[in-house]
Amino acid sequence: MSQLFTSPDVPQVLTTTLSIPYTLTPGGAAGQFLAGLAERRILGSRCEPCARTVVPAQDVCGRCGEQTPDLVELPHGGTVTSWTAHQGRVVAKIRLDGADADLLHVVAAEPGAVEVGDRVAADWAAEPTGWITDLAAFTPGRARSGPAEATPVARAETSVEMVPYRLDLTYHHAYGPYYGRMFDELGSFSRLMGSRCSSCHRVLLPARAICDVCFARTDQFDEVSDTGVLQAFSVIHMEFVGQTRKPPYVYAEIVLDGSSTRLIHTVAGDFDLADAASTLSIGMKVKAVWKPESERVGTLEDIAYFEPVIP
Amino acid sequence: MSNVAVVGAGQTHHARRRTDVSQVGLAREAAVRALQDAELTMDDIDSVIVATGPVLFAAVNQPEKWLVDALGARLKPVVRVTSGGGTGLAGALAAVNQIKGGFAERVLVVAYDKLSEGALQYSISTLYDPFWGREFAVGIMGFSAAYWKARMDLLGHTEEAAALVSVKNHRNALLNPYAHVRKEVTVEDVLASRPLCWPIKLLDVPPISDGACAVILAGEDAAKRSADPAWIRGMAYYSEGENAADRSMIQSEPLRIAAEKVYREAGISNPRRQVDVVEVQEPYTCFELSYYEGLGLCPPGGAAQLIESGATQIDGDIPVNPSGGCMGANPIGATALIRLAEIAQQVRGRAGAYQIPDAKVGLMQAGGGWANLRGVAVVSSTKN
Ligand SMILES: [Zn+2]
Ligand SMILES: [Zn+2]
C-alpha cells in the first residue's frame, strides 16, 4: 500500500552526526604510563609471581588478577612481532626488550620496508600532550636512549588524570517506505500523515507498518490534523551539550487530532515563559504554527511551534 | 525451581569524578568488596555479568572485554547486559537465570557507569527516534517533568510532596559511607532550588556519579554455605515501547505487572504490612511518589499522604531508601544493582548505620525511562 513518492530529489537516508566530547580517566598505572611518556620514559608493570611484564603499565595482572604489580621502566628498543598497513601507515605489535607482551603502535616506515623480527626504537614527539602519541612512533634501527634493561621504579608521583577525547559518529538512517512517504508529504505539502491500523483503526504518527496495540498491519495513510491536545508539558531551563533550542522553552507532548500517539514538540506564542505553568494546562487545545514556506525543509521543525488555541 | 540468594555485595565510594581509577578500576573496586563480603575469591565464581549503561556514556564499546583482566575473570564466561536505567537489575536477573538454568553455581554481577567522562543528557537523547522527536528531546528529564506535572494534576503528587522525598533521601544518605552527596536539605531549599525542567528543580535531581556495585548470587547449595544469604523470593523485569499508541504515562503498566508477579512468587498480599524495608531507584523525586502507588504501598493518589505521614522515613513503618537512594549517588548503570545490594544487606543485617532493626523481608524496585522499563524483586532472610 505504501505508494512512495519516487522523485530522485528525495533523499533515501537521513544523515546525522553525533559529536560527543569526553574526558577519559586513564586511572592509576595507565595514568602514570602517560605521564612517563612526557619524560620520555616507557613504564610497564610487572607481576613478580607470574614473572610477566606488560606495557602500558596496568593496575592489575591479567594472568592472576592480583592488584598493584610493580612498575618497571622499559628499554626504548624492541622487535616487530607482527604488522599491517592501515591508511598508508604501518601499525605493528612491538615486543619491547624486557616485556612479555606486545605494545601496539605505529612504525615510521614504508609498508614494504618492514618485516617481522625487525628491530625498532622509540621516537618521541617534540611537544608532549599527555597522550599515547607523545611516543610518536617507532623507527627502524637501534635505540639510542633509555635503560639497557627493564628496571624497577617507584610509583610515580605524576599521573595523567584526564584525557580529552571526542567521538564524531556519522550515521545514514534509511527512511524506508513509511517514513519516506510521511516526510515526502511533510516536505511537499506540509501535512502530517499517519498510518491507520487495519484492525482497530487507530492512526499512528509517525507512520509505521504494524499497530503497537493489536499488532495488525496498517493499511492506509491518513492525514492527521495540525491541531491537537496538550497531553503533558514542562519548561526547559537546563542547558546541555547537543541541545537544539535555547532555553527557556516548553517541552510538549501533543496528541494530534485524529491520531493515537504522542508528538514531541514545543509550545510558544503570545505568553511569557515565566507564566507557562499557569498559562498552559493539560488537555488544552493547541495548533501548529508553520514556518514561512521558504524556510521549510521537510522535517518536524517546519512547524515553528504549537500555540494555545484560545476558545 | 531451585532457590537463588545474594551471598555478597559491595560498592565503590561514589563521586562526581573518580580521577584515581579508570572504568575498569572502578568496577574492580566494587567486585573486590563483594568478594570480601562473601568471603569468596574469583576461583569460586563460575560466570560474570557486566552491566553498564549505553556505551556512549563513556566511549568504550564492549567494556566487558576490558574488564576481564581487571576482574580476574580470564577464561570465564563474561557477557554484558544493558537496559537503560534498569541495567543493574537486568544483569542480576540474567545471573539468576544462569543459576536456575544450571549454567553456573555462583555468578558475579558487576554494574558501573563513569558518568563524568561523557555528555549525559546528549547521550540519553539518542534513545529517541532520529527522524522523529530527537531534535526536541531533553534526555529523560524533559518528559519526566512533563508527566510529573500531569500526575500533579491527577494524583496530587505535589512539588511539596516530592520535596519531602528529597529531604528524606538526602538525610538518609548522611548515614551512608559510600554516598556521593552528603548534605542536609530542607523543603524550602528544594522548592527554592533552580528549575532545570520545571517542575523538576535542582534538588529534585540526584547527583551524576562515577560508581560501581557488585553482587554475588549463588544457587541453593552454594548459598547454604554462606552464613547469611539473602534469598531472592521473586524477581521480574518488564518493558513497553517508547512511542506506542495509547500509553498510560500516569501509572507504569510494566511496574504493575512486575510487582504483581513478584508478590505472587513471594507470597505477598499486603506489601505495606509484609515488607520491612524498601529500596527504590528514583531518578527524580517525583518517581519515588509514583512507586509508592505502583508497588501498592498506598492506593493510587495516596503517595503525597504517605510521604507526609512519615511512614517511609527510616523510623517509619515502611522505610523507603534508608541508604539515601539515588540522592546519595547515581552512577546510572550501577544504580539498579545498588538497590538490590542495599536491600540484600538489610535482610542480612549488614546495612550498618542505616540498618532497619529486624529487617527480614525487603522489596526493591528499579527501572528506566518515565514508565517503560520496570523491575521488582523481593528478598528475605528465609528461603520461603
Ligand atoms: Zn600475576
Ligand atoms: Zn490496531
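The values are calculated or read from the model by the stated rules, or taken from the named source; none is laboratory data. Here the structure is a predicted model, which is why all the values come from computation and not from measurement. Cβ sites come from the backbone with ideal geometry, for glycine too, and all protein chains shown count toward neighbours. Accessible surface is based on the protein model in full, side chains and every heavy atom, while ligands, DNA and RNA are left aside. Shrake-Rupley method; radii C 1.70, N 1.55, O 1.52, S 1.80 Å.
Below are the figures for this structure:
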quantity	calculated
Residue B:2/residue B:317 FRET efficiency (R0 30 Å; Cβ-Cβ; nearest 0.05)	0.35
Under 20 Å from the residue A:151 label point (7 Å along Cα→beta-carbon), backbone N, the stretch A:49-84	A:53-58, A:70-79
Nearest-ten-degree value, helix A:28-38 long axis tilted from longest Cα axis of chain A	70
Charge-dipole axis of the protein assembly as shown as Lys and Arg at +1 and Asp and Glu at -1 on Cβ define it, positive-most pick from A:33, A:137, B:97	B:97
Other-chain or far-sequence residues with amide H under 5 Å of residue A:109's (modelled H)	A:90
Net dipole in debye of the stretch B:251-384 [+1 Lys, Arg Cβ; -1 Asp, Glu Cβ; about Cα centre; nearest 20]	440
In Å², nearest 10: area of residue B:360 left accessible to a 1.4 Å probe	110
Note, ³J(HN,Hα) from phi for the stretch B:50-57, Karplus 6.51, -1.76, 1.60, rounded to Hz, x at Gly and Pro	9, 10, 9, x, x, 4, 4, 4
Sequence-distant residues sharing a close amide H with residue B:85 (under 5 Å, placed H)	B:368, B:369
Calculated [θ] (222 nm, deg cm²/dmol) that DSSP helices of n ≥ 4 give over chain B, each run adding -39,500 (n - 2.57)	-11000 deg cm²/dmol
Note, ³J(HN,Hα) from phi for the stretch B:125-131, Karplus 6.51, -1.76, 1.60, rounded to Hz, x at Gly and Pro	4, 6, 6, 7, 3, x, 7
Residues with amide H under 5 Å from that of residue B:16, placed H, sequence gap 5 or more	B:210
Sites residue B:97 and residue B:154, calculated FRET efficiency, Cβ-Cβ separation with R0 45 Å, nearest 0.05	0.75
Reachable lysines, given that their alpha-carbon falls under 29 Å from the alpha-carbon of residue B:360 and they are not under 8 places away in the same chain	B:100, B:168, B:224, B:261, B:383
Cleavage-rule hits, chymotrypsin sites (Phe, Trp or Tyr not before Pro), the stretch A:233-278, DSSP coil, Cβ neighbours within 10 Å at most 16	A:271
Cβ-derived FRET efficiency at R0 41 Å, residue A:217 paired with residue A:87, nearest 0.05	0.30
Straight-distance crosslink candidates among lysines, where the alpha carbon sits under 21 Å from residue A:246 and sequence neighbours closer than 8 are dropped	A:291, B:201
Within chain A, helix-based [θ] at 222 nm, where runs of 4 or more DSSP H residues each add -39,500 (n - 2.57), nearest 500	-2500 deg cm²/dmol
Gain upon complete extension [residue A:225, residue A:169; 0.36 nm per residue less C-alpha separation]	16.6 nm
Net dipole in debye of the stretch B:219-262 [+1 Lys, Arg Cβ; -1 Asp, Glu Cβ; about Cα centre; nearest 20]	200
Chain A: angle of helix A:176-189 to the longest principal axis, Cα-based, in degrees nearest 10	60
³J(HN,Hα) computed for each position of the stretch A:47-60 - Karplus, 6.51 cos²θ - 1.76 cosθ + 1.60, integer Hz, glycine/proline x	9, 5, x, 8, 6, 10, 10, 10, 9, x, 4, 10, 6, 10
Cβ charges +1 (Lys, Arg) and -1 (Asp, Glu), total dipole of the protein assembly as shown, debye	1040
Loop trypsin sites (Lys or Arg not before Pro), the stretch A:168-209 (other Cβ atoms within 10 Å of the site Cβ: 14 or fewer; DSSP)	A:191
Most mobile of B:94, B:111, B:259 in a GNM of chain B (Cα contacts under 10 Å)	B:94
Trypsin sites (Lys or Arg not before Pro) lying in DSSP loop within the stretch B:167-213, provided at most 13 other Cβ fall within 10 Å	B:183
Signed unit charges on C-beta, dipole axis of the stretch B:200-287, positive-most listed residue B:241, B:203, B:222	B:222
Inter-label distance for residue B:250 and residue B:182, nm, one decimal - labels placed 7 Å from Cα along Cα-to-Cβ	4.3
Extension gain from residue A:270 to residue A:13, taking 0.36 nm per residue of separation minus the Cα-Cα distance	88.8 nm
